[in-house]
1. Using the structure shown, decide if Leu189 is open to solvent by 50 Å² or more (accessible area, probe 1.4 Å), closer than 24 Å to Asn84 by Cβ and not small (Gly, Ala, Ser).
2. Check whether at least one residue in segment 79-100 is open to solvent by 50 Å² or more (accessible area, probe 1.4 Å), part of a strand (DSSP E or B) and out of contact with any Ser or Thr (no Cβ under 8 Å at 6 or more places or on another chain), and report yes or no.
3. Please give the number of the condition Ala158 fails out of (1) assigned to a loop (DSSP other than H, G, I, E, B); (2) in contact with a Gly (Cβ under 6 Å, 6 or more places away or on another chain); (3) among the hydrophobic types (A, V, I, L, M, F, W, C).
4. Which ones in segment 26-44 are closer than 11 Å to Asn78 by Cα and either open to solvent by less than 20 Å² (accessible area, probe 1.4 Å) or in contact with a helix residue (DSSP H, G or I) (Cβ under 6 Å, 6 or more places away or on another chain) (or both)?
5. Kindly provide the set of residues from segment 101-115 that are under 15 Å from Ser150 (Cα atoms) and open to solvent by less than 50 Å² (accessible area, probe 1.4 Å), ordered by number.
6. Within segment 201-230, track down each residue that is assigned to a strand (DSSP E or B) and closer than 15 Å to Asp140 by Cα.
7. Would segment 183-200 turn up any residue that is outside any strand (DSSP E or B), farther than 23 Å from Leu131 by Cα and of a type in the set (Ser, Thr, Tyr)?
8. If Gly31 satisfies every condition in (1) modelled with pLDDT of 95 or more; (2) out of contact with any Phe, Trp or Tyr (no Cβ under 9 Å at 6 or more places or on another chain); (3) under 21 Å from Asp92 (Cα atoms) but one, which is the exception?
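The values are calculated or read from the model by the stated rules, or taken from the named source; none is laboratory data. Note that this is a predicted model, so its numbers are computed, not measured. Counting neighbours? That spans all protein chains shown, and the Cβs are built from the backbone with ideal geometry, glycine included. Ligands, DNA and RNA are stripped out before the accessible areas are found, and what is left, the full protein with its side chains, is counted by its heavy atoms. Shrake-Rupley method; radii C 1.70, N 1.55, O 1.52, S 1.80 Å.
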Amino acid sequence: DNNLTSADGPVIVKDLFIDGNKDNNTGSAAGILLMTYQGKVEGCAIFKTTSHGIHFADQNKSGANVVGGQQENKAFTNRINQCNGSGIFTDDNAGSLTDLQVRGNVVGSCGGYGIITRAGSKVQSNHCYDLGLDGIAEQDGFDSLIEGNSIQDWGQDAATGTRCGISVFGQGASRPTLVSSNNLRLSTLIVGSTYYAFRATMAAGVTTATGKVTFSGNEARMNSNEYSLIATGSGSATISML
């Protein structure tokens, strides 16, 4: 029911094959959409959707926030390919979609991001390649871990811009974000785009006492004239490159 007003769950979706048939559909639909807490999508193959492959949402079809908390959802060992949107997308409008675990997924040839998660997430051992936008984007870097992922050829959208392998919005010195042991490879560039391995964006009011992002033990092999790190936003949190 995509007009629920309170979170449902737990829901388990496992071992499905979904073909969105985007070549013959003009609407916008995700392969799997969950408005739940402690839900899990595991072992599914999702292809050619007109929107995202897997979509964790906290707003219903009418645009009303789903209340009741939607923490601790999981996406494990799914195969997502050729979707118009992002591979795994987390749409957190009310601050309730937190503490996700995203592990062992393969996301390829999608028009948006590889994976977008939110505060408190653990994003580990995923393979993302040939993406329109950034590889992995942590939208609220609060007590989050991005570890052991492989990302290849992000920023392949013809609409040019700033494209990053891993992007983090960081806040909370007591619960900093760690980006560790990831492997990034960029071999194909779109003329007019600017490429970075990592991005840390700090919101207004975030200071060195209230925000920290650490990049540790990563390897990034770029093509030619690209950059390691871009720091954006008006905050002044601590960014460490180890």
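1. Answer is yes for this residue.
2. Looking through segment 79-100, at least one residue is open to solvent by 50 Å² or more (accessible area, probe 1.4 Å), part of a strand (DSSP E or B) and out of contact with any Ser or Thr (no Cβ under 8 Å at 6 or more places or on another chain).
3. (2)
4. If the condition is that a residue be closer than 11 Å to Asn78 by Cα and either open to solvent by less than 20 Å² (accessible area, probe 1.4 Å) or in contact with a helix residue (DSSP H, G or I) (Cβ under 6 Å, 6 or more places away or on another chain) (or both), then Val41, Cys44 are the ones that fit.
5. Val102, Gly104, Asn105, Val106, Val107, Gly108, Ser109, Gly114, Ile115
6. Taking segment 201-230 and keeping what is assigned to a strand (DSSP E or B), we get 201-202, 212-216, 219-221, 227-230.
Thr201, Met202, Lys212, Val213, Thr214 - these are the residues of segment 201-230 that are assigned to a strand (DSSP E or B) and closer than 15 Å to Asp140 by Cα.
7. Just the residues of segment 183-200 that are outside any strand (DSSP E or B), to begin with: 186-193.
Pick out the ones that are also farther than 23 Å from Leu131 by Cα and you get none.
There is no residue in segment 183-200 that is outside any strand (DSSP E or B), farther than 23 Å from Leu131 by Cα and of a type in the set (Ser, Thr, Tyr).
8. (2)
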